[in-house]
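Trainee: Structure incoming, see below.
Quick note: the coordinates plus some simple rules give every number you see, no bench work behind them. Remember, it's a predicted structure, so these values are computed and weren't measured experimentally. All Cβ positions, even for glycine, are placed from backbone atoms using ideal geometry, and neighbour counts span all protein chains on display.
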Amino acid sequence: MFSIPRPFRRKLIVGGAVGALALAATAGLPSMNAMAATGCAVTYTTNSWQGGFTANISIRNLGDAVSNWTLGFRFPDAGQKVTQGWSATWQQSGTSVTAQNMSYNGSLGTGASVDVGFNGSWTGSNPNPTAFTLNGVTCNGGTTTPTTPPTTRPPTTPPTTTPPTTPPTSQPPAGSTPVGINGQLRVCGVNLCNQYNKPIQLRGMSSHGLQWFGSCYNDASLDALAKDWLADVFRISMYVQEQGYETNPTAFTNQVNTLVDKAEARGMYALIDFHTLTPGDPTYNLDRAKTFFAAVAARNANKKNVIYEITNEPNGVSWSTIKNYAEQVIPVIRANDPDGVVIVGTRGWSSLGISEGGNSDEIVNNPVRADNIMYSFHFYAASHKDNYRSEVQRAASRLPLFVTEFGTVTYTGDGGVDNASSTAWLDLLDRLKISYANWTYSDANEGSAAFKPGTCSGGTYTGTSVLTDSGVFMRNRIRTPDNFPTS
Ligand code: IDC
């Protein structure tokens, strides 16, 4: 069973302490490196509990700009291990750890910072790491400018310490919308993190099939979603079959892009759902997925509000088939939009395998080989209860999860709201900071729809008089204040 860690927070600022300065002779410095000023400061923040810990490290370059960097440090105790790192390529040998930049965060100007982090395990004592270096230079909070070629030893006179000349890279939130505050998202450990590298939870609604309910998604309804419901995310469900994408790829691609823009204009994240359902084998739609995602990723590459969900609910296929699909589609997205978060569907209608007799171990033991990805979990509260909840709780400490679709009703999409189970589910997701989108923001004649039938032809979407029981329940949950840390 999962036990809730009793975290404690520690912050260690490395800087100003006396430390030996060495010169980086090679790695990562510009060609003028012989004369480059070097220096760095590190802030190490950790949360730990019995046997485990999470560490966030902010590295500040106080020297000349570099185009590649390697962070180094040492654990005083061989019992500490990096188990999963992010925003860098991590390696550990004995007590020594290095983190090398990814392609997107290698360049670090003077005064600029980069945030990386990792999950770790520990036995014995639980000491802080020491001896932080950036490109081989000890991070003591100061800078030094070599006057001799780097093949010689460090200067014998104490370095002159100068304060950083440029302001920190983090800026105050631009506006008060979810995208304005959180900016470009990325996966950090098992969480979805904002531009300040802080875990956040997004809460919002899923469209119904665009081929049937396209008229429900317009300026008025999306205004209501952003300003009356205070939603953070809008899932754009583009069915592939059932008169969907396959019948007119260009029109559906354009419709998705238009809705991405409408979400962006209202400061909401847009989750682009390639809504495969029947057939359950995503490979059936592999070529369509490549074509579709190449187009939407290229077109929306510069936006901060786009998240990609590459297959809705694989079913009747093995995890390795899904993984294989993901490893072919993700590179197409990355080639066009390198920093977008990608969500991968899971076995058994995105149940982490549970609905087909499995569990999340199959993913933990054989994860998709890509960075910055999450795995989807779907549930319908009146059908899926304690055994599903306990597996989600267990999986959440090991895999980044996003509930891209769930219903308050049964898995048929119809029936009454199960208040007790829906509340238990959303309380769990809130506690674990797992993001979610509810099925559906539509006026379909079924219990899962938020609006009463006929609402979308009426044009009024605000308030509760247009809502079903499920709509009232979801609006109440989504309207509660967000927790979006900015520091
Ligand atoms: C349902 C719709 C329903 C539609 C049916 C077939 O609510 O109107 O006729 O799809 O397309 C899912 C799927 C989602 C289902 C939903 C409810 O992702 O497409 O929508 N559901 O059955 N997985 C579990 C439940």
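Trainee: Tell me whether segment 391-405 contains one or more residues that are in contact with a strand residue (DSSP E or B) (Cβ under 9 Å, 6 or more places away or on another chain), within 11 Å of the ligand (Cβ to nearest atom), within 30 Å of Thr54 (Cα to Cα) and touching a residue at least 60 places away in the same chain (Cβ under 8 Å).
Mentor: Yes - at least one qualifying residue is present in segment 391-405.
Trainee: Moving to a separate point now. Can you work out which of the residues in segment 228-248 that are within 23 Å of the chain's Cα centre (by Cα) and more than 11 Å from His275 (Cα to Cα) is farthest from the ligand (Cβ to nearest atom)?
Mentor: In the first step, residues of segment 228-248 are kept if they are within 23 Å of the chain's Cα centre (by Cα); the result is 229-238.
Cutting the leftovers down to more than 11 Å from His275 (Cα to Cα) gives us 229-234.
Values: Trp229: 20, Leu230: 24, Ala231: 19, Asp232: 21, Val233: 16, Phe234: 16 Å.
So the residue we want is Leu230.
Trainee: Condition (residue is touching a residue at least 12 places away in the same chain (Cβ under 8 Å), over 21 Å from Tyr269 (Cα atoms) and away from the ligand (no atom under 16 Å from the Cβ)) applied to segment 369-381: is it met by at least one residue? Please lay out each step first, then the result.
Mentor: Just the residues of segment 369-381 that are touching a residue at least 12 places away in the same chain (Cβ under 8 Å), to begin with: 369-381.
If we keep only those that are over 21 Å from Tyr269 (Cα atoms) too, we end up with 369-370, 379-381.
Checking which are away from the ligand (no atom under 16 Å from the Cβ) leaves us with 369-370.
For segment 369-381, residues touching a residue at least 12 places away in the same chain (Cβ under 8 Å), over 21 Å from Tyr269 (Cα atoms) and away from the ligand (no atom under 16 Å from the Cβ): present.
Trainee: Can you say whether Tyr441 is in contact with a strand residue (DSSP E or B) (Cβ under 6 Å, 6 or more places away or on another chain) and crowded, with 22+ Cβ neighbours inside 10 Å, as far as the supplied structure shows?
Mentor: Numbers: in contact with a strand residue (DSSP E or B) (Cβ under 6 Å, 6 or more places away or on another chain): yes; crowded, with 22+ Cβ neighbours inside 10 Å: yes.
Considered against the rule, which asks whether it is in contact with a strand residue (DSSP E or B) (Cβ under 6 Å, 6 or more places away or on another chain) and crowded, with 22+ Cβ neighbours inside 10 Å, Tyr441 comes out as yes.
Trainee: Out of all the residues in segment 192-214, which are among the polar types (S, T, N, Q) and under 16 Å from Tyr269 (Cα atoms)? So that I can check it myself, show each step before the final result.
Mentor: Filtering segment 192-214 for residues among the polar types (S, T, N, Q) gives 194-195, 197, 201, 206-207, 211.
Residues satisfying the conditions are Asn194, Gln195, Gln201, Ser206, Ser207.
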